[in-house]
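Written below as structure tokens is the structure these notes are about.
Readers should treat all values here as calculations from the given coordinates under stated rules, not as data from a laboratory. Since the model is a prediction, treat every value here as computed from it, not as a measurement. For neighbour counting, all protein chains shown are included, and Cβ atoms are generated from backbone atoms with ideal geometry for every residue, glycine included.
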Amino acid sequence: MEYIVIVVVIIALALLKIWYDKRKAEIKLARRIKEAWGRVPQNQYEPSDLKTLSQLFYLHDSKATVHVVDDTTWNDLEMDLLFSQINSTWTSMGDQALYSLLRTPVYSQEQWTERKALIEYWENHPEMREKIQSVLARTGKFFPDRLNVWMEPNDYLEFKDKWLYKVLTFLPFVSVPLFFLSVGGGLIFAIVSLACNALYHELSIKKLHAGLEAVTQAVSVVALAKGLIRIPVEALKERFQSIRESLKGLDALAQKGHINNLYISFIGDMATDMASILKMLFLFDIWSYQASINIIKKHQAELIKLIKEIGELDATLAIASYRQSLSVWCIPQIQWEAPKHPYFIEAEKVVHPLIQHCTPNPIRAAKATLLTGSNASGKSTYLKTVAINTLTAHTLCLCYAEQWISHPLFPMTSMALRDSILNGESYYVAEIKSLRRIFALASGSVRCLCIIDEVLRGTNTIERIAASSRILSALARLNTCIFAATHDVELTSILRDVFENKHFEEHITDKDITFDYTLKEGKATTRNAIKLLKLMGFEDDIINSAEEAVACFEKNNQWPVLKKEEYNNAKADIMEC
């Protein structure tokens, strides 16, 4: 009797310890969820990481819509950095969905309104939000993430010799009748067949490692979906019903592809280790693997839909948390139906999200806008600010501004181009291709926001001014809202009837040049290039000669000729104006 009591006490203590550890983990997770809310995550992504978590976009979503933020615009706006600031998702599905969401702006009022409502639901219902987050967090992120396997053709995952593992599985049973003929012969046959199975199993598992990870991650997605729909959330009823529909064909996967069926593990527990040995000797896990592949291939569309639905929940949670971290933001007012608003964009105190202490500026675009101003005065930053806020208005349902009103706009940029040594393209050719892609979408159903920094800077001055003025004028006649920046002041006169001129300027002293980064009306009237030469230590003779050349050009509209003759070892060039 005493032994029974001791055993009962030991079992009770063990169960109590299990309960205590589980409860402790739950409390720790709940604290982590609360602490993460409203904080900017400290993400640092390597290029390989970004390549992995962009697979949903590249393999699926980018092919499903016309309005996709291309690589040129994405890189011009440094959107990888913004993504890393927003991404506080709990799952790999959330990673992929958030990245895809940022690259596929929404131009359906119904879809945009639904997304906005979901983000606001998370903000206004913290208790339900934390329940959803806890379910997501228990699944966590996959390392490595193999979800991309299910978004593309995956016939390579199947066994090429299906007949072989089926024959090998039943081969050891042939030894049973052999025992009646010869005990030794039957024993030898059993040992050899089981050894062959163990060897075949080992070789197969090594070949199928990535596939095994992909199957177990698919099972985790299914299990996570089941956990979510158990939470009674009336506001998410339709979304959860859609998840239930997707789960119908994938129910069997939870058993066939369970990790315990697919991985051999020896952990010191007699029952578990014995089960692992039997799976290895009779190839049970290979049968489970192939059955799982068949289920997923049959219901691949449902699995992709599950990944996207779970990912969207996680991504909108991250957006809601991110909004709490911002000091300046607003919900954009988008004029969806036949906009009558006189401005394409009318916004107040708009800032760039990646620049600390960014100077706020207004955006008022009733027609195309041409920006002028000296180097480092703020033109490029302003252009990026306009583009990023336009993009986040249609993706995150937020703008970094005090107020934002706009037509539906699809942003495309041509800014940070480079010579391409690998394919032999010059800077000028790269510019032409970049502009050509903008023209290709500028007559679409959604007005194109064209952001162009220094049109055709890769060619000579005369042809640049002639060609760029005609390109900008042609773009303005299409279904566009244009913001362009230039150093060619001549364009402000040539395009004055088509573009409105705005500028940034500098404040020059004898010792320094400062900028207030404030947008002003009209064209720029100041320059700083020669002044910067002086501040950087160039000799006065060079500075004075350059300033005289400018004055000569402004007087005669012709550059003075430099003479080669020398006199008294003079350092300054001799000019004829």
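For the reader, a short list of remarks on this structure follows.
- Cα point-scatterer Debye curve for the chain, base-10 log of I(q)/I(0) at q = 0.06, 0.08 Å⁻¹: -0.48, -0.73
- Highest-first arrangement of 9-17, 191-199, where packing means the average Cβ count within 10 Å: 191-199, 9-17
- Eigen-decomposition of the gyration tensor built on the alpha-carbon atoms of segment 37-325 gives equivalent ellipsoid semi-axes of 45, 20, 17 angstrom, largest listed first.
- The HN-Hα couplings worked out from phi for segment 342-356 by the Karplus form 6.51 cos²θ - 1.76 cosθ + 1.60 (θ = phi - 60°) are x, 9, 4, 9, 9, 9, 10, 6, 8, 10, 8, x, 9, 10, 5 Hz, whole numbers, x standing for Gly and Pro.
- Across segment 487-503, coupling constants 3J(HN,Hα) worked out from phi with the 6.51/-1.76/1.60 Karplus curve, θ = phi - 60°, read 9, 7, 4, 4, 5, 5, 7, 4, 9, 5, 7, 10, 10, 9, 8, 9, 8 Hz, and Gly and Pro carry x.
- Rule-of-thumb Rg ratio for segment 333-538 [Cα; 2.2 N^0.38 Å; N residues]: 1.04
- Where labels lie 7 Å past Cα in the beta-carbon direction, separation of residue 348 and residue 327 in nm: 1.9 nm
- Extension gain, residue 340 to residue 21: 0.36 nm times the residue separation minus the Cα-Cα distance gives 108.7 nm.
- Part-to-part distance (alpha-carbon centres) for segment 289-325 and segment 1-67, which is given in Å: 16 Å
- Note on residue 540 and residue 78: with the Förster distance fixed at 41 Å, the Cβ-Cβ geometry gives a FRET efficiency of about 0.55.
- Here is how the number arises for the chain: DSSP H runs of 4 or more residues each give -39500 (n - 2.57), the sum is divided by the residue count, and the result at 222 nm is -17500 deg cm²/dmol.
- Shown is the FRET efficiency for residue 516 and residue 35, computed with R0 = 51 Å from the Cβ-Cβ distance and rounded to the nearest 0.05: 0.85.
- Prolate/oblate/rounded call for segment 1-160, Cα gyration tensor, a/c under 1.5 rounded: prolate
- Screening the chain for whole DSSP H helices of 27 Å or more along their axis (Cα) with average Kyte-Doolittle hydropathy at least -0.5 returns 2-36, 183-207, 209-229, 300-325.
- Calculated FRET value between residue 507 and residue 233, using beta carbons and R₀ = 60 Å, to 0.05: 0.60
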